[in-house]
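K.L.:
I have a structure here, written as C-alpha cells, and I will follow up with some questions on it.
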C-alpha cells in the first residue's frame, strides 16, 4: 500500500493517540500525545476523531516522501517544516503530491509538532491504543513501541473531511513575551510543605531544565522543602508535580511510571501539561493554583470545540 | 480499618487512602475497595491504580464532576467488608538461583555469614503477597521478606537487568518482567513469562495474589525455555562521570 516513506527519522518521531487507558493497574503507562490539544486540532482539521493516531515529531529532523498524494494536517510546534523546500507553517491542512518531500528541520517555537492523516494513521492498537511507549515496547507501527525509523511506511485508510481552517488563538504555543502560567490543582500533600515553599512554588519563576522527556520535566528554582514523613508509593496522576529530596520539582507527563513515592504539590491540569510539553529547556514558567472545578470547565470547553 | 480519606489529587483524579503502612493484612480490604470502586464508577472509570495503602481513581470528567466523584467513592466505601482470603491466585515460580544470573546472591550470603543455599532456602520459605504493580508492565512488588534478607537497593542502578531476574530490595521481592534498568539486588532468574499482550489479562500477577518461589537446577531452567546468559554488568561499578 502506498503512503509516506520515512527517509530520515530525526531524534524522536512517535506514533501517538489519546493514550492507553484501563491498564494502568498492571503497571502500563498512559502514553499518548504529550500535547493532546495539538493532536486534537490536527485531527479536527481533517474531520477525524480528536484522538485518532498521528505522528508526534519532537525537535524535528524528520523527512517524509510521499508515494501518493494526500491531504494532511500539521499543528503544534514550529519545527521549520518545508514541503519541497517551501516553508509550511503549523496550524494548517495541506496537500502533498506524489514525489513531494515533507521535511522538519529544528525547533523555532515549541518542541513537538503533530501530523494527522485522513481517518487516522494505520497502526494496530495494543492494549487498546496505538500510542508508542518505547520503554514498554508497546504500540507504534510494529506494536513493539519503537520510534519511527528510516524506511517505515505510513499509511491511512480514511478520507479527509470537508475543508476546515483553525480558529484563531487556539494553539498551545505561548505567544512571544507571554508569561507561561501552568495551572495546578493542589494535592493533599501540599500542606506538608513548608509555608515558605508553598509561597515560593506559586510566586517565583521556574526554569524548564534540560532533563525533560515524555516521562517528566524537571523544573529548577528555589529549593522546596517537604516537612512530612516518608511516603508509601501511590498512584501518580498526569501532571503530578513531585518533589524529590533535592527540592527541585519534576512534572510527570504521559510516559510516567504508574506509582511512586515522592511528595507532591498537586497536579498540573491536562491542558497545562500540553503547554509544558511545548516549552524548550531554559523557558521560564509559573505555577498557578486552580480549583478542580475551574480546571474541569476549561477542559470541557476544549473538548466542546471538537464536537 | 480506620475511616478512609478521599483526597483530590488532580483535575480528574482522587486518591482513596485506606492505610498508612505496608502490611499483608491490608490486602483483603484493598481488594474489596478495588471491587467496590470499580463497580461504583462503572463507565465513568478511566483507570483505577491500587498501591500498597491507596487506590488512585481516574474518572471521566465528561460524566462526573468532583462532588459526584467524591460521592461515588464515599458510597463505594461505606460498609466495606474485607474480601475473603484465597480470592487472589496462588503462583509457584521456579527460579534458577545462581551467581551468574544473580550476582547479589553471593553478597547477601557473605553479609549474613551463611551459605548461598541458606539464602535460597530463606527466599523460598514463605508465601509473598503481591502488594502493588508498577514501575513497569507486570512488575509486582511483593513482601514481606524474611528480615535477615532485607538488603538496600544498589547505589548505582544497572542499565540492563535481564527479563525474569528475581530481585530483592529492603523487605520486598520482585521479578523483572522484561529487560529494563533496575536498582534491586538480583539473586536468580525465572523462565516464567510475567507480562505479554497475548497473555490472558496481560499480567500474570495481580494485587492480592500469593507467590512462592521454588529453586530449580540450571538444566530445568533451560528446559523451561530460560536464557542462562550471565548478568555481567555490575551496577555498583562507578561510571566514568562518578570517578
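K.L.:
Going by how many other Cβ atoms sit within 10 Å of their own, how do A:193, A:202, B:205 line up, fewest first?
P.N.:
So the ranking, lowest neighbour count to highest, is A:202, A:193, B:205.
K.L.:
Quick one: length gained pulling residue A:69 to residue A:49 fully straight, 0.36 nm per residue minus the C-alpha distance? The partial results should precede the final answer.
P.N.:
On the way: separation 20, 0.36 × 20 = 7.20 nm, distance 2.18 nm.
Result: 5.0 nm gained on full extension.
K.L.:
Then there is this: Just for the protein assembly as shown, what percent of DSSP beta bridges are antiparallel, to the closest 5?
P.N.:
Working: 91 of 103 bridges.
Around 90 percent of the beta bridges assigned by DSSP in the protein assembly as shown are antiparallel ones.
K.L.:
For segment A:250-278, list residues with backbone N below 12 Å from a point placed 7 Å from the Cα of residue A:202 toward its Cβ?
P.N.:
A:266
K.L.:
Quick check on packing: order B:159-170, A:258-269 by the mean number of other C-beta atoms within 10 Å, highest mean leading.
P.N.:
Values: B:159-170: 20.2, A:258-269: 24.5.
So the peptides B:159-170, A:258-269, ranked by packing, come out A:258-269, B:159-170.
K.L.:
Assuming 0.692 mPa s and 37 °C, estimate D for chain B with Stokes-Einstein, Rh taken as the Kirkwood radius over Cα pairs, in µm²/s. Could the numbers behind the result be given before it?
P.N.:
Working: Rh = 19.4 Å.
Reported coefficient: 169 µm²/s.
K.L.:
Name the shape class, rounded, prolate or oblate, that the alpha-carbon gyration tensor gives for segment A:60-105, where a ≥ b ≥ c are the square roots of its eigenvalues, rounded holds for a/c under 1.5, and otherwise prolate holds if a/b is larger than b/c and oblate otherwise.
P.N.:
Numbers: a/c = 2.02, a/b = 1.34, b/c = 1.51.
The shape class here is oblate.
K.L.:
Please give the residues of segment B:126-163, grouped as numeric ranges, whose backbone N is less than 11 Å from a label point set 7 Å along the Cα-to-Cβ vector of residue B:200.
P.N.:
none
K.L.:
I've got another one for you. If a/c stays under 1.5 just call it rounded; otherwise compare a/b with b/c (prolate if a/b is bigger, oblate if not). Do that for segment A:180-304, with a ≥ b ≥ c from the square roots of the Cα gyration tensor eigenvalues.
P.N.:
Working: a/c = 1.34, a/b = 1.23, b/c = 1.09.
Verdict is rounded for segment A:180-304.
K.L.:
Out of all DSSP beta bridges in segment A:4-154, what portion is antiparallel? Express it as a percent rounded to 5.
P.N.:
Numbers: 34 of 35 bridges.
Antiparallel: roughly 95 percent of the beta bridges in segment A:4-154.
K.L.:
Let me ask another. Taking other Cβ within 10 Å of each residue's Cβ, how do A:279, A:273, A:153 sort, fewest first?
P.N.:
A:153, A:279, A:273
K.L.:
With r defined as the distance between the Cβ atoms of residue B:25 and residue A:175 and R0 fixed at 56 Å, what FRET efficiency is calculated, to the nearest 0.05?
P.N.:
On the way: r = 56 Å, r/R0 = 1.00.
E(calc), rounded to 0.05, equals 0.50.
K.L.:
Also: How many Cβ atoms of partner chains, on average, are near each residue of B:194-206 if near means within 10 Å of its Cβ?
P.N.:
On the way: counts 0, 4, 0, 6, 0, 0, 0, 2, 5, 5, 0, 2, 2.
Whole-number average of other-chain Cβ neighbours for B:194-206 is 2.
K.L.:
Return the FRET efficiency for the residue pair residue B:118, residue A:142: r is the Cβ-Cβ distance, R0 is 35 Å, and the value is rounded to the nearest 0.05.
P.N.:
Values: r = 46 Å, r/R0 = 1.31.
Once the sixth-power term is evaluated, E becomes 0.15.
K.L.:
Return the average number of partner chain Cβ atoms within 10 angstrom of each residue Cβ along peptide A:15-21.
P.N.:
Counting Cβ atoms of other protein chains within 10 Å of each residue's Cβ and averaging gives 1.
K.L.:
When Cβ neighbours within 10 Å are restricted to other protein chains, what is their mean count per residue of peptide A:27-40? Walk me through the intermediate numbers first.
P.N.:
Working: counts 16, 9, 3, 3, 0, 0, 0, 0, 0, 0, 0, 0, 0, 0.
Average neighbour count from other chains, rounded to a whole number: 2.
K.L.:
By average Cβ neighbour count within 10 Å, what is the ranking of A:223-236, B:179-192 from highest down? The partial results should precede the final answer.
P.N.:
Values: A:223-236: 17.6, B:179-192: 21.8.
Ranking, from highest mean packing down: B:179-192, A:223-236.
K.L.:
Taking the number of other C-beta atoms within 10 Å as the exposure measure, put A:104, A:199 in order starting with the fewest. It would help to have the intermediate numbers written out before the result.
P.N.:
Values: A:104 26, A:199 12.
Ranked by crowding around the Cβ, least crowded first: A:199, A:104.
K.L.:
Determine the shape class of the protein assembly as shown: with a ≥ b ≥ c the square roots of the Cα gyration tensor eigenvalues, call it rounded for a/c under 1.5, and otherwise prolate if a/b is greater than b/c, oblate otherwise.
P.N.:
Values: a/c = 1.77, a/b = 1.41, b/c = 1.25.
Note, shape of the protein assembly as shown comes out prolate.
Since every read-out is calculated from the coordinates, none of them should be taken as a lab result. Keep in mind it's a predicted model, so treat the numbers as computed, not measured. Note that each Cβ is placed from the backbone with ideal geometry, even for glycine, and that neighbours are counted across all protein chains shown.
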